[in-house]
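Undergrad: Here it is, the structure, as structure tokens.
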Amino acid sequence: MASAIEKPGQHRTVLLDEAVDALVTRADGIYVDGTFGRGGHSRAVLARLAPAARLIAFDKDPQAIEVARQIADPRLDVVHGSFAQLRDVLAARGGVRVSGVLLDLGVSSPQIDDPARGFSFRHDGPLDMRMDPTRGESAAQWLAHVDERELIEVIRDYGEERFAVQIAKAIVARRAESGRLGPLVRTRELAEIVARAVKTREKGQDPATRTFQAIRIHINQELAELPVVLETALESLEQGGRLVVISFHSLEDRIVKRFLQSRARAPAMDRRLPIRAADLPSPPLRILGRVFAGEAEVAANPRARSAVMRIAERVLA
Ligand SMILES: C[S@@+](CC[C@H](N)C(=O)[O-])C[C@H]1O[C@@H](n2cnc3c(N)ncnc32)[C@H](O)[C@@H]1O
């Protein structure tokens, strides 16, 4: 499937065929791509759909939306906003039921590779990290006022970083020097502060990796918006409709896994009550599986190494 190493500025779609195969069960359905990116999945979904079908594609990123709007296909309905708005967006379209919802979580390669977006500790750039730079606070704005306790929690919980306390203290100490040094507004300086605070190095990993991941997750509310869209996706799916979610780190995969397991499990039965198991409501979801990228894909696209795709099907109407 993948034949060349990813180039900067391009996004090499992960699990392309596997995701589209899992998602599309009928050619005339209404589908949702919650994370358009550069449209790798969306284009492949459209290629499988009939003329009367629809694909509603979301992205927070104005650059992704610009790419989406260049696709001249009347079946594509582009929404600039968070997938957490799915309920309102479907309500505005007559409360339609959908045949599938796809989420390919996290950031895209063009976001990471563009120093001006501030996601990367490898290139110097403004400390922004917003998927949607037209809204909300940038990382620099947040770091300028966040209190030390909250900073420790974010770095520890979203970065799973052992040196969260030391890193947060170093950032707060740097902030106290703003009068002399100016505010902390560049990715390179943040990466250097983190590197000095991290005492033991993980093999093959930049010391700033975990802290940058943590701040990015916080700034974009990534783990807060995920449960919202999962809940709405489930309630919006028609019978037989599919939920397909690709995660890139254990924190988001854990949320997806627990959600699917909780909705695929039969409710606990109180044996003292005169109720037969057959009379209890069935769980709304059935888990269909979990897929990882194969060796060839991982060799061509290192991002695919950490990808896990979970697939579930709505059982009840
Ligand atoms: C991994 S990329 C998706 C790549 C896409 N599947 C493709 O093949 O080109 C993730 C994209 O989702 C967007 N995104 C992440 N969280 C989002 C959210 N809560 N709402 C809308 N878009 C989001 C990001 O801005 C990014 O463009």
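Undergrad: Of all accessible surface on the chain at a 1.4 Å probe, what whole percent is carbon and sulfur?
TA: 51
Undergrad: Relative contact order of region 246-292, please, whole-number percent, based on alpha carbon pairs below 8 angstrom and at least 6 residues apart.
TA: 39
Undergrad: What is the sum of charges around ARG162, taking Lys and Arg as +1, Asp and Glu as -1, for the other residues whose C-beta is under 12 Å from the C-beta of ARG162?
TA: Details: positive: ARG156, LYS199, ARG201, ARG210; negative: GLU160, GLU161, GLU202.
Residues close to ARG162 contribute a combined charge of +1.
Undergrad: Mind ranking 180-186, 278-284, 65-71, 241-247 by how tightly packed they are, going by the mean number of other C-beta atoms within 10 angstrom, highest first?
TA: 241-247, 65-71, 180-186, 278-284
Undergrad: Given a 10 angstrom Cα cut-off, can you work out which residue in ARG254, ARG135, ARG271 is the most mobile in a GNM of the chain?
TA: Comparing ARG254, ARG135, ARG271 in a Gaussian network model of the chain, the most mobile one is ARG271.
Undergrad: Each residue of region 113-130 in order: what ³J(HN,Hα) in whole Hz does its phi give by Karplus 6.51 cos²θ - 1.76 cosθ + 1.60, θ = phi - 60°, with x for Gly and Pro?
TA: Karplus values, whole Hz, x for Gly and Pro: 6, 8, x, 5, 7, x, 8, 9, 8, 7, 10, 6, x, x, 7, 9, 6, 7.
Undergrad: Moving on. Per residue, what accessible area does the chain have, given a 1.4 Å probe and all protein chains present, in Å²?
TA: 48
Undergrad: Right, here's the next one. Based on the mean of other beta carbon atoms within 10 Å per residue, what is the order of 207-215, 141-149, 33-41, 124-132, most packed first?
TA: With the highest mean Cβ count within 10 Å placed first, the list reads 33-41, 207-215, 124-132, 141-149.
Undergrad: Below 8 Å between Cα atoms, with a sequence gap of 6+, how large is the relative contact order for region 117-220 in percent?
TA: 38
Undergrad: Calculate, axis by axis, the spread of Cα positions in region 57-174 along the three principal axes, and write the results as whole Å, longest axis first.
TA: On the principal axes, region 57-174 reaches 53, 28, 22 Å in Cα extent.
Undergrad: Pairwise over distinct Cα atoms, reciprocal of the mean inverse distance: report the Kirkwood radius of the chain in Å, one decimal place.
TA: One decimal place: 21.0 Å for the Kirkwood radius.
Undergrad: Set the Förster distance to 22 Å, then compute FRET efficiency between GLU160 and GLU231 from the Cβ-Cβ distance, nearest 0.05.
TA: Efficiency, from the Cβ-Cβ distance: 0.30.
Undergrad: Rounded, prolate or oblate, given the Cα gyration tensor of region 117-220, with a/c below 1.5 counting as rounded? Could you put the intermediate results ahead of the total?
TA: Working: a/c = 1.33, a/b = 1.16, b/c = 1.15.
Here region 117-220 falls in the rounded category.
Undergrad: Further question: Do the sum for the chain: with -39,500 (n - 2.57) for every DSSP H run of n ≥ 4, divided by all residues, what is the mean residue ellipticity at 222 nm, to the nearest 500 deg cm²/dmol? Can you show the working numbers first?
TA: Values: 14 runs with 129 residues, N = 317.
Rounded to the nearest 500, the figure is -11500 deg cm²/dmol.
Undergrad: Another question, then. How much FRET efficiency would the formula 1/(1 + (r/R0)^6) give for VAL96 and ARG258, where r is the Cβ-Cβ distance and R0 is 30 Å, rounded to 0.05? If you can, show how the numbers build up before the last one.
TA: Working: r = 28 Å, r/R0 = 0.93.
According to the calculation, E is roughly 0.60.
Undergrad: Taking the Cα atoms of region 1-117, report the difference between the largest and smallest coordinate on each principal axis, in whole Å and largest first.
TA: Principal-axis extents of region 1-117 (Cα, largest first): 41, 29, 24 Å.
Undergrad: Give the separation of the Cα centroids, region 16-92 to region 116-182, in Å.
TA: Value for the Cα centre distance between the two parts: 33 Å.
The values are calculated or read from the model by the stated rules, or taken from the named source; none is laboratory data. Remember, it's a predicted structure, so these values are computed and weren't measured experimentally. Because the Cβ atoms are built from the backbone with ideal geometry, glycine has one as well, and the counts that use them run over all protein chains shown. Side chains included, ligands, DNA and RNA excluded: accessible areas come from the protein's heavy atoms. Shrake-Rupley method; radii C 1.70, N 1.55, O 1.52, S 1.80 Å.
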